[in-house]
Amino acid sequence: MREIKVSLIEEKVEQMLLDACENIPENVLCRLRRAKEEEESSLGQEVIQRIIDNDLLAREKHLPICQDTGVVVCFVEVGYDVHFDGDLYEAINRGVEKAYVGGYLRKSVVRHPLDRVNTKNNTPAIVHVKLVPGDKVKIEVAPKGGGSENMSLVKMLIPADGVEGVKKLVLDTVFNGGGKPCPPVIVGIGLGGNLEKSALLAKESLMREIDDVNPDPILANLEKELYEEINKLGVGPMGFGGSVTCLAVKINAYPCHIASLPVAINIQCHAARHKSCIL
Amino acid sequence: MDEIKRLTLPLSQEVIDSLRAGDKVELTGVIYTGRDAAHKRLVELLKNNQPLPIDVNGGGIYYVGPTPAKPGRAIGSCGPTSSYRMDPFVEPLLKQGLKVMIGKGPRSKELRELLKQYHAVYLSAIGGAAAAISESVTKCDLICYEDLGAEAIYRLEVKGFFGIVTYDTVGNDLFDEGIKKYKKI
Ligand code: SF4
């Protein structure tokens with residue numbers, strides 16, 4: 001049994017969030033640079049250049065990349081042989097509070113969806129814990145903005161809809177979102193499972209590195225096809241028209257019921273912020 | 001990059017009417033911030049025949065909820081939020097003389113009609129370019145609704161604030177035109 005202090009979790013969560021909000025991942029920046037080359041519209045190129053300039057400025061001057069520093073999504077993988085000396089969830093939320101209150105980040109959480117009173121410390125985070133073999137803990141944090149999250153959805157398709165139904169749903173969703181989710185976007189898709197599992201798969205797919213390749217050849221192929229088709233939709237950077245609407249498509253899948261074909265689409269804007277660490 | 005129109009706020013009706021979808025502008029002068037919760041309160045005031053805490057006549061509202069300013073900076077990161085969420089609140093403000101709205105993303109068909117009717121314009125700022133945009137804000141003062149945190153109303157003094165005219169006063173729509181041009185399926 002390995003003992004891990006929750007104060008360490010708190011500290012790591014705080015550090016990673018401060019880092020994530022100000023420093024765009026290098027591979028996202030590279031992808032944006034390539035996107036600028038690929039973009040056919042001159043206004044679209046200018047928009048991407050302004051996004052790149054912004055991300056560099058944020059890094060240089062230690063400013064948040066985007067004012068929407070999001071709701072914190074936190075994935076934790078806990079080894080079976082780990083014991084915490086306190087409450088994991090509370091530790092994560094203390095880390096969130098420290099980062100957002102002390103780190104000049106925006107507080108974007110309301111305590112109740114209907115009375116809408118701001119919690120003023122950006123807690124609670126949305127925490128997903130998974131048990132895995134071993135004695136390590138992996139923590140991933142992603143400050144997720146509301147603009148792109150609002151353009152996301154889950155739909156219960158039926159087997160007869162097949163891959164064509166999935167593609168149509170994805171294309172319609174991205175097209176209907178237009179400029180709202182700050183394209184160019186990353187499209188995260190959860191296929192299979194059930195209602196809630198598909199949504200979780202979609203979110204997990206967005207935790208993958210932007211330039212990775214799906215190990216499942218069927219999904220890798222579908223990612224590629226969807227990527228090409230989405231970029232024919234014409235939405236373009238910030239929706240002003242253009243040939244780069246998405247930077248990547250990520251699909252995670254899971255077995256499902258013989259009667260169902262759940263599909264969740266989670267849109268991630270160009271400010272694709274996430275950080276992870278292993279303890 | 002094509003030419004940028006440098007404009008000083010408040011804009012005259014003549015200047016507003018001369019703007020066309022696709023024009024790039026740099027604004028200098030005063031704009032007010034406002035998002036969902038603040039809009040709801042403003043519209044409630046008008047419903048009860050009470051005066052607004054800000055003078056929108058001839059002025060502009062920027063849909064933004066900034067991060068807190070770091071020491072030594074006028075404002076925190078301050079990129080636009082999605083404008084469509086403010087659509088239900090816009091007409092009463094247009095009636096008070098609001099002329100310029102700044103945000104991001106497409107808006108309703110009804111909103112585009114209102115812009116024609118009231119001769120007002122909608123500009124886009126670059127979504128997510130929030131650190132860069134903060135460089136063009138020279139002063140930021142809290143006006144009201146402090147309890148709303150980032151959603152409070154602030155008075156911003158801006159210098160060279162970059163925007164793209166998206167809907168103009170004659171019904172042009174930069175989104176529609178752009179997407180039509182590049183749509184291949
Ligand atoms: S969608 Fe993303 S880039 Fe756009 S405002 Fe929201 S968090 Fe920022």
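The values are calculated or read from the model by the stated rules, or taken from the named source; none is laboratory data. All values reported here derive from a predicted model rather than from experimental measurement. No Cβ is skipped: glycine too gets one built from the backbone with ideal geometry, and neighbour counts run over all protein chains shown. With ligands, DNA and RNA removed, areas are computed over all heavy atoms of the protein, side chains included. Shrake-Rupley method; radii C 1.70, N 1.55, O 1.52, S 1.80 Å.
Brief remarks on what is shown
- Å³ per residue enclosed by the Cα convex hull of the stretch A:147-272: 85
- Sequence-ordered 3J(HN,Hα) estimates for the stretch A:45-61 from the Karplus curve with 6.51, -1.76 and 1.60 and θ = phi - 60° stand at 4, 5, 4, 5, 4, 5, 5, 4, 4, 4, 5, 5, 5, 4, 5, 5, 9 Hz, glycine and proline given as x.
- Qualifying lysines (Cα of each under 18 Å from Cα of A:Lys61; at least 8 residues distant if same chain): B:Lys70
- Sequence of A:Met156, A:Met238 from largest to smallest accessible area, 1.4 Å probe: A:Met156, A:Met238
- Note that the stretch B:4-184 carries a Kirkwood radius of 16.3 Å, evaluated over its alpha carbons pair by pair.
- Computed 3J(HN,Hα) for the stretch A:84-93, one whole-Hz value per residue from the Karplus formula 6.51 cos²θ - 1.76 cosθ + 1.60 where θ = phi - 60°, is 9, 8, x, 7, 4, 5, 5, 5, 4, 5, glycine and proline marked x.
- Derived value for the protein assembly as shown: Kirkwood hydrodynamic radius 22.8 Å. Basis is the mean of 1/r over every pair of different alpha-carbon atoms.
- Accessible area of B:Lys109 in the full protein assembly, 1.4 Å probe (Å², nearest 10): 140
- Inter-chain neighbour count for B:70-83: the average number of beta-carbon atoms from partner chains within 10 Å of each residue's beta-carbon is 5.
- Subset of B:Lys5/B:Lys40; A:Lys136/A:Lys203; B:Lys40/B:Lys104; A:Lys138/A:Lys168 violating a 25 Å alpha-carbon distance limit: B:Lys5/B:Lys40; A:Lys138/A:Lys168
- Nearest-0.05 FRET efficiency for B:Leu142 and B:Asp17, computed from C-beta distance (R0 45 Å): 0.85
- The GluC sites (Glu not before Pro) of the stretch A:38-102 include none that DSSP puts in a loop with a beta carbon having at most 10 other beta carbons within 10 Å.
- Neighbourhood charge, 14 Å Cβ-Cβ cut-off, centred on A:Leu57 and excluding it, Lys, Arg +1 and Asp, Glu -1: 0
- Among A:Val163, A:Val13, A:Val109: highest mean-square fluctuation, GNM of chain A, C-alpha pairs under 10 Å: A:Val163
- The relative contact order of the stretch A:173-214, computed from alpha carbon pairs under 8 Å that lie at least 6 residues apart in sequence, is 30 percent.
- Here is the short version for chain A: A:Cys21, A:Cys30, A:Cys66, A:Cys74, A:Cys246, A:Cys256, A:Cys277 have no other Cys C-beta closer than 4.7 Å.
- Couplings 3J(HN,Hα) for the stretch A:16-26, derived from phi with the Karplus relation 6.51 cos²θ - 1.76 cosθ + 1.60 (θ = phi - 60°), are 5, 5, 4, 5, 4, 5, 9, 10, 5, x, 4 Hz, where x marks Gly and Pro.
- For the listed residue pairs A:Lys197/B:Lys180; A:Lys36/A:Lys155; A:Lys5/A:Lys98; A:Lys120/B:Lys95, the alpha carbons are over 29 angstrom apart in A:Lys197/B:Lys180; A:Lys36/A:Lys155; A:Lys120/B:Lys95.
- At R0 = 22 Å, FRET efficiency that the Cβ-Cβ distance of A:Ala160 and A:Ile218 yields, to 0.05: 0.75
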